[in-house]
Structure formats: structure tokens, C-alpha cells
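Some notes on the structure that comes next.
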Amino acid sequence: MESSDNDILHHQPSSQTLISSELEIILSDSQLSYFRRLQSATWLELNTLFRLAGPAVVVYLLNNVTSMSTQIFCGHLGNLELAAASLGNNGIQIFAYGLMLGMGSAVETLCGQAYGAKKYDMLGVYLQRSTILLMLTAIPLMIIYIFSKPILLLLGESTAIASSAALFVYGLIPQIFAYAANFPIQKFLQSQSIIFPSAYISAATLLVHVLLTWFTVYKLGWGLLGASLVLSFSWWIIVVAQFVYILITERCKKTWTGFSLLAFSGLWSFFKLSTASAVMLCLETWYYQILVLIAGLLKNAEIALDALSVCMTISGWVFMIAVGFNAAASVRVSNELGAGHPKSAAFSVVVVTFSSFIIAVIFAILVLVFRHQISYIFTSGTVVSDAVSDLSPFLAVSVILNGIQPVLSGVAVGCGWQAFVAYVNVGCYYVIGVPLGSVLGFKFDLGAKGIWSGMIGGTVIQTLILLWFTIRTDWNKEVEKARNRLDTWEENKEPLLND
């Protein structure tokens, strides 16, 4: 019986190791022709990649739909409630989401490399460290939520909208702490290529969420506060269900060995990587939100804002697909580096980037083909339709860039390059992109096209820098860095993250 249990415990790690080792063997086999190596390695990597990326895309899309459904229910209460929920969801809440998701991505780097190196006991400690840091971060965020009304009034919102939005935001306070627990757990599972359970949990939660929101808002009459409280509750369902899965599944028996006091050591080193991760992701998340804010300053901004909102919604859905490939890229690269497979890591980067790029090009072509029709999904106005059609070339370019840039960010997370990418993002996005867009939009009177052109320019430069840096990467050195980081943790029980 003991032997059987051991076989079960070893099954998942050994399965992943076999795939990883087989890929490295194929790429290193000089007796095979180049074409045969490329064919075999590509098939193996694509099979692994899409088993990771597919469920990850589903998870992010379902989570997005959960928040969107709350907004839809609020919209049926009235225009004021719709404006309040939109402001709470797309303004204040997305700030916390981006920050927590970014900080949680530190777990991807460390857990992914530790899992690849078969140092399974490290994963649970990293999970706990990240949760502690994110819970502490949630406290100042909670204060921002509490004072959301005066903040919104300071930003120029009307008293009615600010009051209603603040009421909605108060109900989202428990959601902040759900984020703090969810993202470390999610990344902990992803690093082990365990993604399907999160997809199933998210799908089941969405069904429960819709029913509870309908009952709370319409039957109990709790309005905005009830809708946001249900949204917070739904996120806690996801957290609890995922953690219960970790406790009961045989797949996590070696990576989760219980709570440990080691979680309170090495917090400063972990905080530095988490902060760099948060800055990197937040700068990317906020970039195109700023496009909409700047467009609001244009003369006769209503049509421009409506058209940009349609374009950003379409771009956002495509971006969710890219985020799934981002997760797959970080898992594949970190696992291969931890396992000491430089050729497999480099090959994974090529395959995931090319795959995401092809999908993005297909969507970009669809955008151009249906440029006159896509706005009718959101509005029946012909003026907005014409404006969206006019902006469709910019949307197509953004879609293609969104097929490359998030994947390269995933590679950066897998390698632990977050601090470097954060500096690149600051320079390209906010030193080049935003000022250039403002000059083209206002000084040269190009309007929304000018603003978007400048910001696309910043994204192109950022993407080229990351491509150049990735192409020139010495993957043997990256393997050595991963090994040193993990060895340091094993010797001192505290990883020193020297990027």
C-alpha cells in the first residue's frame, strides 16, 4: 500500500519531467536531421503549450464575465447605477486587480523554477509568503476603497455618481482580500501545470454568481451594495474551492506540506520581486486606460469616447487570450530553467510567441474585414459605427501587438526579469507613448487617431526592446541563475533574488 501511495505522489511531477526531458533530448540529438528535430519538438511543445494556455484563457475570461455580469445587473436598475458600477469596476477595482495580479506573479517565477528543479517543498512556502505580502498590501487598498467617495469627487465626478459608486465599492472591500489569497494560489497551481481545476471552479462560480446576484438585487432589493457584496462572495468561493482542491488532491501532496513558519522569512527579498512584478503589470494594464482618459479631453469627445470604448472592449477580449499565453509562457520557461534545460526554454519562447502572434493576426484580419459591423454589437448608432470603422486599422495593429507583448512579459516573469521590464515600460509607455500621443492628438489636431498612434508607438518600441533582449538571452546563464537562486534558498531558507 505504501508503495502504491508513493507512486501516486510521484505521478504528476514525473509526468511533467518526462515531457520536459524528452523535449531537451530531441533538441540535443545531433543524429536527427534539423527538420526532424524541429518537427518532433514543435509537436511536443504545441501539445504542452495548448494544454496550459487553453484552460488559462478560460479562467481569465470567466473571471472577467463574472465582473461584467454584475455590471449588467446593476445597469438594469437604472443609468445612475450603471455608471456607478462601471466606475467602481473599471476604475477603482481594476487598480486593485492589476496590483494584486502583478504581485502574485512573483510566485510564477519562483514556484515555476522550483517545480522544474524538483524542489517541491519550496512551492508551499512561496505560496504562503506571497499571501502574507498581498494581505498586508490589501490593508492600504482597503483604505482607498473606504475613502472612494471623496477621491471620486476630487477627480471631478458628480456627487450623485460618486455617492453611488462609493456604495458599490464598499461591497468590494472583501474582494480585495480574496484577490490577495486567489492570485498566489492560482500561480501556485499554474506553476505545476494544474489549470483545468481553476477553469471548472470559475465556470461553476459564474453560475452561482449570476443566480445569487439576481436574487440579491431583484428579490431582496439590496441594489448596488448587494450586487458588489455578491461579487466579493463569489471571489471567495473561488479562493476556498481552489485551496480545498490543493488540500485534497494527490497532485499537490508534495508541493503543499502544510503551513510553515518559513513563510515569515525572506519576506523583504520576496517583496522586492513582488513589487517589480506589480509595477510591470500595472504599467501595462493602465496604459490603454490612459488612452480613454486622454480622449475624454478632446473637443466633441463623446463620439471619440464611444468609438474607443468599443475598440478597447474588443481589444480587451483578445488581450485575455494573450494573457492565457502569458501564463503558459511563464510556466514553460520557469519550469525548463528550473529543470536545467536551456534549449527547451529557448524553444518554448519561440513556439509560444509564434502561436500567439498567429492567433492575433487572425483576429486583426477579422477586425478589418468586419470593421463596418463590429460596433453594432454594442450600439445601433451609425455615427459610432463610422468612427469605429475609421479606427479599425489602429485596433488591428493593437491586437497584433497584444499577441506578442504579453507573451514576452510572460517570458520575463518565467526568468525573473520583472524589474528590467518595469523600467522598459516606464520609458516606452510613459516617457514616449503618452507624451507622443498627446502631442499628435492635441498639437497636431489628429484627435483619437493621434493619441492612439503615439501610444502604439510606445508599445512598438517596448515590444522591440523585449524581443531584442529575449533573442540575445544566454539561456545557459539563465539556467545558472535559476539554480543559484534555488540553491541559496535551500542553504539559507531565504532566496536572495539578484536580478
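The values are calculated or read from the model by the stated rules, or taken from the named source; none is laboratory data. In this text, all values refer to a predicted model and were calculated from it rather than measured experimentally. Note that each Cβ is placed from the backbone with ideal geometry, even for glycine, and that neighbours are counted across all protein chains shown. Surface accessibility is based on the protein's heavy atoms, side chains included, excluding ligands, DNA and RNA. Shrake-Rupley method; radii C 1.70, N 1.55, O 1.52, S 1.80 Å.
Matching residues to (1) in a helix (DSSP H, G or I); (2) out of contact with any Asp or Glu (no Cβ under 9 Å at 6 or more places or on another chain); (3) free of Cβ contacts under 8 Å to residues at least 60 places away in the same chain:
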| residue | (1), (2), (3) |
| --- | --- |
| Leu408 | yes, yes, no |
| Asn425 | yes, no, no |
| Val434 | yes, yes, no |
| Gly441 | yes, yes, no |
| Gly450 | yes, yes, yes |
| Leu464 | yes, yes, yes |
| Thr473 | no, yes, no |
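With respect to Gly156, is the statement that it is outside any helix (DSSP H, G or I) and either buried (at least 24 other Cβ atoms within 10 Å of the Cβ) or more than 18 Å from the chain's Cα centre (by Cα) (or both) true?
yes
Just to be sure, is Asn326 among the polar types (S, T, N, Q), at pLDDT below 80 and open to solvent by 10 Å² or more (accessible area, probe 1.4 Å)?
Criteria not met by Asn326.
Just one of (1) assigned by the TED database to the domain that holds Tyr179; (2) part of a helix (DSSP H, G or I); (3) open to solvent by less than 40 Å² (accessible area, probe 1.4 Å) trips up Leu44, so point out which.
(1)
Residues of region 459-486 being over 13 Å from Gly416 (Cβ atoms) and of a type in the set (D, E, K, R), which ones?
Residues satisfying the conditions are Arg472, Asp474.
Look at region 247-293 and say how many of its residues are crowded, with 17+ Cβ neighbours inside 10 Å, among the aliphatic types (A, V, I, L, M) and more than 30 Å from Gly316 (Cα to Cα).
Count: 2.
Determine whether Pro174 is more than 18 Å from Leu82 (Cα to Cα), surrounded by fewer than 20 Cβ atoms within 10 Å (Cβ to Cβ) and assigned by the TED database to the domain that holds Val244.
Considered against the rule, which asks whether it is more than 18 Å from Leu82 (Cα to Cα), surrounded by fewer than 20 Cβ atoms within 10 Å (Cβ to Cβ) and assigned by the TED database to the domain that holds Val244, Pro174 comes out as yes.
In this structure, does Ile365 turn out to be farther than 17 Å from Leu44 by Cα, open to solvent by 40 Å² or more (accessible area, probe 1.4 Å) and in a helix (DSSP H, G or I)?
yes
Exactly one of these conditions fails for Trp417: (1) touching a helix residue (DSSP H, G or I) at 6+ places or on another chain (Cβ under 7 Å); (2) surrounded by 18 or more Cβ atoms within 10 Å (Cβ to Cβ). Give me its number.
Among (1) touching a helix residue (DSSP H, G or I) at 6+ places or on another chain (Cβ under 7 Å); (2) surrounded by 18 or more Cβ atoms within 10 Å (Cβ to Cβ), Trp417 violates only (1).
From the list Thr205, Thr213, pick out the single residue that is open to solvent by less than 10 Å² (accessible area, probe 1.4 Å), more than 12 Å from Cys74 (Cα to Cα) and part of a helix (DSSP H, G or I).
Answer to the selection: Thr205.
Only one residue in Val388, Val460, Val426, Val384 is surrounded by fewer than 22 Cβ atoms within 10 Å (Cβ to Cβ), among the β-branched types (Val, Ile, Thr) and more than 30 Å from Ala327 (Cα to Cα). Which one?
Val384
Among all residue pairs at least 6 apart or on different chains, which show Cβ distances below 9 Å where the first residue, located in region 310-335, is in the same structural domain as Ile194 (by the TED database) and the second is in a helix (DSSP H, G or I)?
Close Cβ pairs satisfying both conditions: none exist.
I'd like the residue in region 305-318 that is surrounded by fewer than 24 Cβ atoms within 10 Å (Cβ to Cβ) and hydrophobic (A, V, I, L, M, F, W, C) and, out of all such residues, is nearest to Phe442 (Cα to Cα).
Restricting to residues being surrounded by fewer than 24 Cβ atoms within 10 Å (Cβ to Cβ) and hydrophobic (A, V, I, L, M, F, W, C), the top hit is Leu305.
Every residue, every condition in (1) without any contact (Cβ under 8 Å) to a residue 12 or more places away in the chain; (2) of a type in the set (A, V, I, L, M, F, W, C), yes or no:
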site	(1), (2)
Gly124	no, no
Ile132	no, yes
Met142	no, yes
Leu154	yes, yes
Ala162	no, yes
Leu172	no, yes
Ala180	no, yes
Leu189	no, yes
Ile194	no, yes
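Restricting attention to region 244-266, which residues are within 22 Å of Phe177 (Cβ to Cβ) and touching a helix residue (DSSP H, G or I) at 6+ places or on another chain (Cβ under 6 Å)?
Tyr245, Ile246, Trp256, Ser260, Ala263
Scanning for something in the same structural domain as Gly112 (by the TED database), of a type in the set (A, V, I, L, M, F, W, C) and at pLDDT 90 or above, does region 258-272 turn up at least one residue?
No; the residues of region 258-272 include none that is in the same structural domain as Gly112 (by the TED database), of a type in the set (A, V, I, L, M, F, W, C) and at pLDDT 90 or above.
Please enumerate the residues belonging to region 434-457 that are under 30 Å from Val413 (Cβ atoms) and either open to solvent by 70 Å² or more (accessible area, probe 1.4 Å) or β-branched (Val, Ile, Thr) (or both).
Val434, Leu436, Ile451, Ile456
Would it be correct to say that Lys187 is closer than 20 Å to Glu108 by Cβ and not in a helix (DSSP H, G or I)?
no
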